[in-house]
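Reading through the structure tokens given below for one structure.
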Amino acid sequence: MSVIQQGTAPLRKAKKATVKTCLDNPFVLEWKTIDGEDMHFILQTLEERIKHTGLKKIETPRVKKRSLTKKQMERKCNAGTSELPKEENAEGHRQKMGWTDTSIRRQLAIGVNEVTKALEKDELLLLLVCKSAKPAMITSHLIQLSASRATPAGQVPRLSETIAPLLGLTSILALGFKKQSDKFTEAIAAIIPKIPALEVPWFQYRTEESVDFAHEGSSENEEPEQLAEVLGDEFVSLKRKRMESNLSNVILQPMKIKKLVPNPNKIKKPPRKKKKAFQHN
């Protein structure tokens with residue numbers, strides 16, 4: 001038998017440490033707090049408006065189907081004719097499931113995903129976020145997204161507790177009102193002045209102009225159709241003017257690099273020499 005001498009055994013190669021580069025945001029973006037009186041006013045206004053529209057999602061609780069025995073199957077086959085009216089009633093009941101009014105439902109963006117898509121398309125006039133969303137990063141991206149679209153947005157405590165049962169949902173983390181929402185025009189005009197403006201360092205302009213604009217457009221003598229036009233077409237033109245006038249005032253923050261770490265896995269190989277083709281005489 002061959003005996004391995006001490007110190008001659010092969011050593012395991014040490015794993016190379018992988019280096020990953022990532023960029024972090026030096027700014028901390030947070031939702032501004034809303035006063036207690038403003039919070040109660042916003043929730044009460046939404047509650048009254050939703051009850052007035054009657055919008056609600058109707059769902060039936062899911063029931064697990066049990067496997068039938070042979071005797072139960074025989075009884076069901078024998079009494080098949082008597083159960084036909086029940087099945088017809090069940091089908092008619094299933095057709096009533098869903099939203100009570102789809103036209104009103106299209107005027108809202110419910111949920112974080114739906115609100116994010118609507119903001120990307122610049123379709124919202126107002127955005128409300130629930131404070132109970134955990135972790136906070138679920139709704140934190142909506143701050144800079146709504147600021148880039150100049151859309152008034154705020155975090156309202158107890159939004160999900162108050163509004164979700166009215167709409168027949170378990171929870172609502174984000175609720176957006178679209179520009180063509182004629183059923184919620186008065187509510188939007190009343191809520192916007194109660195929401196503090198967002199502060200994003202790389203956006204010098206704020207949503208204060210939209211708040212003042214809502215003050216001017218929400219007069220008592222105006223009809224809902226006029227308010228819809230004010231918060232619709234003229235609100236879009238206001239955004240365009242702001243973008244054209246304030247682009248020169250935007251100040252870009254310099255990015256500071258602390259240390260450059262080369263990737264050890266990337267080894268520069270010398271360029272390959274191209275072989276010359278043989279020339280035949």
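The values are calculated or read from the model by the stated rules, or taken from the named source; none is laboratory data. Since we're looking at a predicted model, the values are computed, not measured. All Cβ positions, even for glycine, are placed from backbone atoms using ideal geometry, and neighbour counts span all protein chains on display. The protein model used for the area step is the full one, side chains on, heavy atoms only, and it has no ligands, DNA or RNA in it. Shrake-Rupley method; radii C 1.70, N 1.55, O 1.52, S 1.80 Å.
Ranked by solvent-accessible area (1.4 Å probe, protein heavy atoms only, all chains present), the residues THR116, THR151, THR21, THR100 order from largest to smallest as THR21, THR100, THR116, THR151. FRET efficiency for the pair LYS57 and THR21, taken as 1/(1 + (r/R0)^6) with r the Cβ-Cβ distance and R0 = 41 Å, rounds to 0.35. Stretching the chain fully between MET73 and ILE257 yields a gain of 58.8 nm (0.36 nm per residue, less the alpha carbon separation). Peptides 188-195, 28-35 ranked from most to least packed, by the mean per-residue count of other Cβ atoms within 10 Å: 188-195, 28-35. Annotation for the stretch 18-50 versus the stretch 141-201: alpha-carbon center distance of 10 Å.
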